[in-house]
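Derivation of every value follows stated rules applied to the coordinates shown; laboratory data play no part. Note that the coordinates shown come from a computational prediction; the quantities given were computed from them, not determined experimentally. Here the Cβ is made from the backbone with ideal geometry for all residues, glycine too, and neighbour counts use every protein chain on show.
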């Protein structure tokens with residue numbers, strides 16, 4: 001006998017509004033996706049200088065728990081499962097995207113958010129998902145920015161005619177990144193441009209696989225233009 005049964009986990013999220021801003025004022029939303037094995041507090045720390053801007057931030061946690069081994073063992077979180085199989089990768093990313101759209105609906109229903117002005121940014125694995133999430137859901141997002149990941153242009157071609165008119169793309173990268181090579185990130189931007197997207201690239205020449213203050217500052221300037 002073979003079978004299956006759903007197994008459900010609660011996946012928390014946090015919404016942060018600018019301090020002192022009247023709760024009745026509707027503000028744009030930025031969705032921030034942490035890296036693989038991390039949690040929302042990591043990207044919240046790295047992008048902290050941007051939290052005073054007039055946007056709300058949605059900080060969801062990845063739906064897949066995973067062991068992270070180092071000097072001590074801890075639980076981190078992932079956005080999708082990947083073993084090299086591209087169709088399976090896409091299916092996993094699409095499943096997580098549906099979950100995140102449900103989170104967006106919950107946030108919008110709570111009030112104070114202007115979902116006509118929304119963008120998504122992500123670091124590393126979150127950056128891969130950010131680009132796909134924004135392009136696939138071009139009616140929901142005005143921009144998608146990958147930081148130290150790669151814009152997954154292979155998954156954008158079928159939506160490009162509509163998405164390219166609406167969604168601005170960006171790639172922010174470290175020249176010394178050994179996890180995702182800068183050449184691959186630059187090429188992905190070029191491929192997105194060929195699909196018709198407005199796709200920008202910023203490189204911190206002294207950065208590795210990380211979010212530096214210079215990278216965070218550039219993301220903030222890009223969000224100002226996008227939202």
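A few points about this structure:
- Taking a ≥ b ≥ c as the square roots of the eigenvalues of the Cα gyration tensor, an a/c ratio of 1.5 or more together with a/b no larger than b/c marks region 42-167 as oblate.
- Proxy reagent accessibility, fewest Cβ within 10 Å first, across 67, 200: 67, 200
- Going through [x] 56, 41, 31; [y] 48, 34, 34; [z] 56, 43, 40, the figure that equals Cα extents along the principal axes in Å as computed for the structure here is [z].
- The chain - mean residue ellipticity at 222 nm from DSSP helices (-39,500 (n - 2.57) per run, n ≥ 4, rounded to 500): -10500 deg cm²/dmol
- Modelled spin-label separation between residue 85 and residue 103, with each label point placed 7 Å from Cα along the Cα-to-Cβ direction: 2.6 nm.
- Relative contact order (%) - criterion: Cα under 8 Å, at least six apart; region: region 106-227: 23
- Per residue, the average separation of C-alpha pairs within less than 8 Å and at least 6 apart gives region 13-226 a relative contact order of 18 percent.
- Antiparallel beta bridges, as assigned by DSSP with both residues in the chain, represent about 30 percent of the total such bridges.
- Residue separation of residue 9 and residue 193 scaled by 0.36 nm, minus their Cα-Cα distance, works out to 62.4 nm of gained length.
- Region 147-212 and region 1-17 have their alpha-carbon centroids 30 Å apart.
- Burial ordering of 46, 39, fewest other beta-carbon atoms within 10 Å first: 39, 46
- Fewest-first sequence of 187, 22, 177 by Cβ atoms within 10 Å of each Cβ: 22, 187, 177
- Overall form of region 119-185 per C-alpha gyration tensor (a/c, 1.5; a/b vs b/c): prolate
- For residue 162 and residue 68, the FRET efficiency from 1/(1 + (r/R0)^6), where r spans their Cβ atoms and R0 equals 30 Å, is about 0.20.
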